[in-house]
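S.K.: Quick one: structure below, then a few questions.
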Amino acid sequence: MAAMTDEHENGEDVTTPLLEIRGLSVSYRTRGGTVPAVRGVDLDVLPGQVTAVVGESGSGKSTTAHAVTRLLAANGQIDAGTIRFGRHDLASLSEAELRTVRGARIGLVPQDPTVSLNPVKRIGEQVAEVLRIHGLATRRSAPAEAIAVLDRAGLPDAAVRARQYPHELSGGMRQRALIAIAIAAKPELIIADEPTSALDVTVQRVILDHLQRLTEESGTAVLLVTHDLGVAADRAQRLVVMSQGKVVEAGPTRDILADPQDEYTRHLLASAPSLTTTRSRTPAAQPAPETAPLVEVRNLVKEFRLPRAGDGPRTLRAVDDVSFTLHRGHTLALVGESGSGKSTTARLLLRLTDTSAGQILFDGTDVTAARGARVRELRRRAQLVYQNPYASLDPRFSIGEVITEPLRAFKVGDRASRLTRARDLLDRVALPAATLERRPAELSGGQRQRVAIARALALSPDLVVCDEPVSALDVSVQAQVLDLLAELQADTGVAYLFISHDLAVVRQIAHEVAVMRAGRIVETGPPEELFTRPRHAYTRELLAAIPGQRVSSPASTTS
Amino acid sequence: MRRYVIKRLAQAVGVLWAAYTVSFLVLDFLPGDPVTAMAGAGMDSGDVHPARLAALRHEYGFDKPILVQYADYLGRAVRGDFGDAVSTGRPVTSTLADALPQTLQLTGAALLLAVLLGGGLAVVATYTSLRWLRQLLLSLPPLGVSVPTFWVGLLLVEAFSFRLHWFPAFGNDGLRDLVLPALTLAIPTGALVAQVLAKSLLTALDQAYVETARAKGAGRWRVHVRHALRNASLPALTVVGLLVGQLVAGSVVVETVFSRDGLGRVTAAAVTVQDLPVVQGVVVFGALIFVATNLVVDLVYPLLDPRIVVASGGRASFA
């Protein structure tokens, strides 16, 4: 493997490609007509190599990957092109012949492990099924073989896990089960479609490491689809950059990162947060610290009752002795992985759920057990921006109605003044006034998140809780939204409680970072200090897990 | 699990009590008098002596205050005694018990047919790649739901007994007599099953795990039946539980159309002559069947979907 890599490093390919896509065009039939998704794509995967397809949502990268084994959605069709794999052209193979390729010679690691396993079948059964379909195991030998494959995929206690159902496993464990399904038949090629995007960063790294080791050992080639340039830079020998259904640049990873030829590649490199951690946009406006804090949280505890009594603990301590203060005009970031209690902490602060113990002071008043009118008063001064802008806006409201809803709820102003305010807010979040009449479905993800921010600012709150506000957005849009948030803070002096799993994003916006794990804050400090001198082992682990560090900060030389 | 079943049984008793009470009150408010009807039926002419009527009313307890009557009847009902049928003088329980086997045969057969026909239609309609066949099959359920049962029954009789002479038009002996009424009863029920199952099959086929199965190299039939069907069966199962009530109600019409001696006929006759004890017995018995079926359905859920746990809190929920 090592010798082969050297041969391919400079892009001079001696061996014939394992997968050779030429002039591939794919389109989707919709009610509005035929929409082209992929246009004239050429792509090679060499045996034993990792080729990464990088691009933003809508670039056609997933469609390309799915077209290889013709696993397109029902309304998708291949219009032109050849997909040569070994001696077959997969684009023109019959469905029956294709089935002997799928699973046996080309494995797929799907995007979201939480929904990609059949919820009503045991893990072992689902792995054994691949072996049974391709006649690689008998009814009797399949269960034991499945356990062996799960073990190879790095699932601890494989024999126990094989008898469990998907919902009893964590996201990382489920992705290992899916990797087991993909490698079970020892395929020559694995297509990994955003294999870790739904997972926590530390899990992400472990899974990718393991996948890399497995494929290197067996000489399996990988077609890795990802939106994360950092992941691609770390893992792939070759990069294929896609934009709007076309390949804009392709070549050895090192060459592209060092010297991107295409405008779009440069743009992508510049906005990838994980590759540009040296850039910081922390605003300088530091208000005098002697003013009373806006939010003061002391020894906050939240316990949830667990459903089934009997063995095991009866309660889950989601938030465990958490204390912090937040000043006006400041941004405090709560960083942690899923289940660390960061979102629960925010919900406690907004009085969306009751505290089990501890105290919350908002602008000097104790709101820990506030009810009725006092909660309403708090809601007026503390607003929320959600993670998913696709779900947090009522699809039947016009944008004008969305933004003025808080004003109507608090009976602020009359119709005309509310509309003026909405127009003003849209202007602030850099959206044209014509947006007022449109519906959420007509806007892009980034535009929707701008609307959500405008809505949160409608009542001129003192605090905005941002719960993973950019996680659902493309990297270049992420950068714009983060800039907007910083700008609005400088203008209005609003304080942010910024919740994120992404340290790289946090570095760009926070004045103070609190790292959470298992309900506790393990370390706090200014981002620069945390990034350069992490004290807690977990913080170091999180930092190490940020992808894109194996290449020497290429973006700094290009931007 | 045991606590769950006990709790559900307690709920069932509550439902039965409510059914009894509501039917008692409704029947009491109805105009007319069962004693007059009974006396009229017993002695051919209309000139019944008022003293005789009063005696009868006293005998059946109709002269007591309503609350006392209610307590009396409830007390006896708890012990399984629903009194005597006013029209025949036979105990209500044995009247129902005599009619029960016929109705159980009918509804059981209809339920089986409904699940087989409806389920089969849904599976084939969502599996076929022939567009016209899919469209045709998927247009059948709405039709099946919307046509009235008695009309379907008459149509089937016309076609299969009067023209083709395949099955008898009425009677209640043996399997041949059962075919047409069971089919009549199964059509609207099966149509609902088909509609719900087809919809949830299409939803299931859209899920990511189906793509995983296809990526394994599984054939379409395997994906359809082994992966999608079991996931899609839960909503259909819920509907089946609810449809058992509809089947019992539908048997009133079907047994009348096909002249079968069953619970439905008994009910229809009792309502016509205002035979209150029988009507009450039927109501409580119908509620009993409904409650029992749905308890069974709830206990089957966790077997189909491991994510559902039967909680001691009293209801099935997602873990």
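The values are calculated or read from the model by the stated rules, or taken from the named source; none is laboratory data. Since this is a predicted model, take the numbers as computed values, not measurements. Neighbour counts run over all protein chains shown; Cβ positions are idealised from the backbone, glycine included. Protein only, heavy atoms only, side chains kept; ligands, DNA and RNA dropped before computing areas. Shrake-Rupley method; radii C 1.70, N 1.55, O 1.52, S 1.80 Å.
S.K.: Identify, by number, the condition in (1) free of Cβ contacts under 8 Å to residues at least 60 places away in the same chain; (2) within 14 Å of another protein chain (Cβ to nearest Cβ) that A:Leu223 doesn't meet.
M.R.: (1)
S.K.: Another question, if that's okay. Does region B:214-244 hold any residues that are in a helix (DSSP H, G or I) and facing chain A (nearest Cβ under 7 Å), and which are they? Even if it seems obvious, please write down each step before you answer.
M.R.: Here is the first cut: in region B:214-244, the residues in a helix (DSSP H, G or I) are B:214-215, B:220-244.
Once the filter is applied, which keeps residues that are in a helix (DSSP H, G or I) and facing chain A (nearest Cβ under 7 Å), region B:214-244 yields B:Arg214, B:Ala215, B:His227, B:Arg230, B:Asn231.
S.K.: Shifting gears a bit: Given the criteria open to solvent by less than 50 Å² (accessible area, probe 1.4 Å) and assigned to a helix (DSSP H, G or I), does B:Thr256 qualify?
M.R.: Working: open to solvent by less than 50 Å² (accessible area, probe 1.4 Å): no; assigned to a helix (DSSP H, G or I): yes.
For B:Thr256, the condition - open to solvent by less than 50 Å² (accessible area, probe 1.4 Å) and assigned to a helix (DSSP H, G or I) - is not met.
S.K.: Separate question: Return the residues of region A:443-502 that are outside any helix (DSSP H, G or I) and small (Gly, Ala, Ser); say none if nothing qualifies. Please lay out each step first, then the result.
M.R.: We begin by selecting, within region A:443-502, every residue outside any helix (DSSP H, G or I); these are A:443-444, A:458-474, A:493-502.
A:Ser444, A:Ala458, A:Ser460, A:Ser471, A:Ala472, A:Gly493, A:Ala495, A:Ser500, listed by residue number.
S.K.: Mind counting the residues in region A:112-132 that are buried (at least 21 other Cβ atoms within 10 Å of the Cβ), more than 7 Å from every other protein chain (Cβ to nearest Cβ) and in a loop (DSSP other than H, G, I, E, B)?
M.R.: 1
S.K.: Among (1) out of contact with any Leu (no Cβ under 8 Å at 6 or more places or on another chain); (2) over 20 Å from A:His327 (Cα atoms); (3) among the aliphatic types (A, V, I, L, M); (4) touching a residue at least 24 places away in the same chain (Cβ under 8 Å), which single condition is A:Val385 missing?
M.R.: Looking at each condition in turn, A:Val385 falls short on (2).
S.K.: Looking only at region A:196-207, which residues are open to solvent by less than 10 Å² (accessible area, probe 1.4 Å) and touching a Pro at 6+ places or on another chain (Cβ under 8 Å)? Explain how you work it out, then say what you get.
M.R.: Our first condition is that a residue be open to solvent by less than 10 Å² (accessible area, probe 1.4 Å); within region A:196-207, this holds for A:196, A:207.
Listed by number, the list holds a single entry, A:Ile207.
S.K.: So, of the residues in region A:378-391 that are over 20 Å from A:Thr344 (Cβ atoms) and out of contact with any strand residue (DSSP E or B) (no Cβ under 9 Å at 6 or more places or on another chain), which turns out to be surrounded by the most Cβ atoms within 10 Å (Cβ to Cβ)? It would help to see each step written out before you state the result.
M.R.: Start the filter on region A:378-391 by keeping residues that are over 20 Å from A:Thr344 (Cβ atoms), which leaves A:380-381, A:389-390.
Pick out the ones that are also out of contact with any strand residue (DSSP E or B) (no Cβ under 9 Å at 6 or more places or on another chain) and you get A:380, A:389-390.
Values: A:Arg380: 16, A:Pro389: 25, A:Tyr390: 14.
Looking at the filtered set, the residue picked out is A:Pro389.
S.K.: Pick out the one residue from B:Glu158, B:Glu211 that is within 14 Å of another protein chain (Cβ to nearest Cβ) and without any contact (Cβ under 8 Å) to a residue 12 or more places away in the chain. Reasoning before the result, please.
M.R.: Details: B:Glu158 fails: within 14 Å of another protein chain (Cβ to nearest Cβ).
Going through B:Glu158, B:Glu211 in turn, the sole match is B:Glu211.
S.K.: Which is closer than 26 Å to A:Glu405 by Cβ, modelled with pLDDT under 85 and open to solvent by 50 Å² or more (accessible area, probe 1.4 Å), of A:Gln549, A:Gln480? Reasoning before the result, please.
M.R.: Numbers: A:Gln549 fails: closer than 26 Å to A:Glu405 by Cβ.
Just a single option satisfies the conditions, and that option is A:Gln480.
S.K.: Can B:Gly190 be described as among the small types (Gly, Ala, Ser), facing another protein chain (nearest Cβ under 9 Å) and either touching a residue at least 24 places away in the same chain (Cβ under 8 Å) or not in a helix (DSSP H, G or I) (or both)? Before you say what the answer is, go through the steps one by one.
M.R.: Numbers: among the small types (Gly, Ala, Ser): yes; facing another protein chain (nearest Cβ under 9 Å): no; either touching a residue at least 24 places away in the same chain (Cβ under 8 Å) or not in a helix (DSSP H, G or I) (or both): yes.
No: the conditions fail for B:Gly190.
S.K.: Please go through (1) farther than 19 Å from A:Thr63 by Cβ; (2) at pLDDT 90 or above; (3) not hydrophobic (A, V, I, L, M, F, W, C) for A:Glu249 and return the number of the only condition it doesn't satisfy.
M.R.: (1)
S.K.: Any residue that is in a strand (DSSP E or B) and either out of contact with any Gly (no Cβ under 7 Å at 6 or more places or on another chain) or open to solvent by less than 10 Å² (accessible area, probe 1.4 Å) (or both) - is there at least one of those in region A:172-190?
M.R.: yes
S.K.: Also, I was wondering about something else. Just one of (1) at pLDDT below 85; (2) under 29 Å from B:Arg220 (Cβ atoms) trips up B:Gly174, so point out which.
M.R.: Failing condition for B:Gly174: (2).
S.K.: Take the residues in region A:133-148 that are assigned to a helix (DSSP H, G or I) and either facing chain B (nearest Cβ under 9 Å) or open to solvent by 40 Å² or more (accessible area, probe 1.4 Å) (or both), then tell me which one is nearest to A:Val50 (Cα to Cα). Steps first, please.
M.R.: Residues of region A:133-148 assigned to a helix (DSSP H, G or I): A:133, A:142-148.
Among the residues that remain, those that are also either facing chain B (nearest Cβ under 9 Å) or open to solvent by 40 Å² or more (accessible area, probe 1.4 Å) (or both) are: A:133, A:143-145, A:147-148.
Numbers: A:Ile133: 27, A:Pro143: 31, A:Ala144: 30, A:Glu145: 27, A:Ile147: 27, A:Ala148: 25 Å.
My answer is A:Ala148.
S.K.: Right, here's the next one. Report the residue count in region A:435-462 for those that are open to solvent by 10 Å² or more (accessible area, probe 1.4 Å), of a type in the set (Gly, Ala, Ser) and within 23 Å of A:Val412 (Cβ to Cβ).
M.R.: Summing the residues that are open to solvent by 10 Å² or more (accessible area, probe 1.4 Å), of a type in the set (Gly, Ala, Ser) and within 23 Å of A:Val412 (Cβ to Cβ) in region A:435-462 gives 1.
S.K.: For region A:91-106, indicate whether the set of residues that are away from every other protein chain (no Cβ under 14 Å) and either surrounded by fewer than 15 Cβ atoms within 10 Å (Cβ to Cβ) or of a type in the set (S, T, N, Q) (or both) is non-empty. Walk me through how you get there before you give the answer.
M.R.: So in region A:91-106, the residues away from every other protein chain (no Cβ under 14 Å) come out as A:91-92.
Next cut, either surrounded by fewer than 15 Cβ atoms within 10 Å (Cβ to Cβ) or of a type in the set (S, T, N, Q) (or both) only: A:92.
Checking region A:91-106: at least one residue is away from every other protein chain (no Cβ under 14 Å) and either surrounded by fewer than 15 Cβ atoms within 10 Å (Cβ to Cβ) or of a type in the set (S, T, N, Q) (or both).
S.K.: Please give the helices (runs of 4 or more DSSP H) falling wholly within region A:330-410 in which 3 or more residues are over 27 Å from the mean Cα position of the chain (by Cα) and modelled with pLDDT under 90. Break it down into steps so the answer makes sense when it comes.
M.R.: Details: elements: A:342-349, A:372-381, A:399-409.
The qualifying helices (runs of 4 or more DSSP H) are A:372-381.
Let's see how each residue does on (1) aliphatic (A, V, I, L, M); (2) modelled with pLDDT of 90 or more; (3) surrounded by fewer than 19 Cβ atoms within 10 Å (Cβ to Cβ):
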| position | (1), (2), (3) |
| --- | --- |
| A:Val464 | yes, yes, no |
| A:Val475 | yes, no, no |
| A:Ala514 | yes, yes, no |
| A:His536 | no, yes, yes |
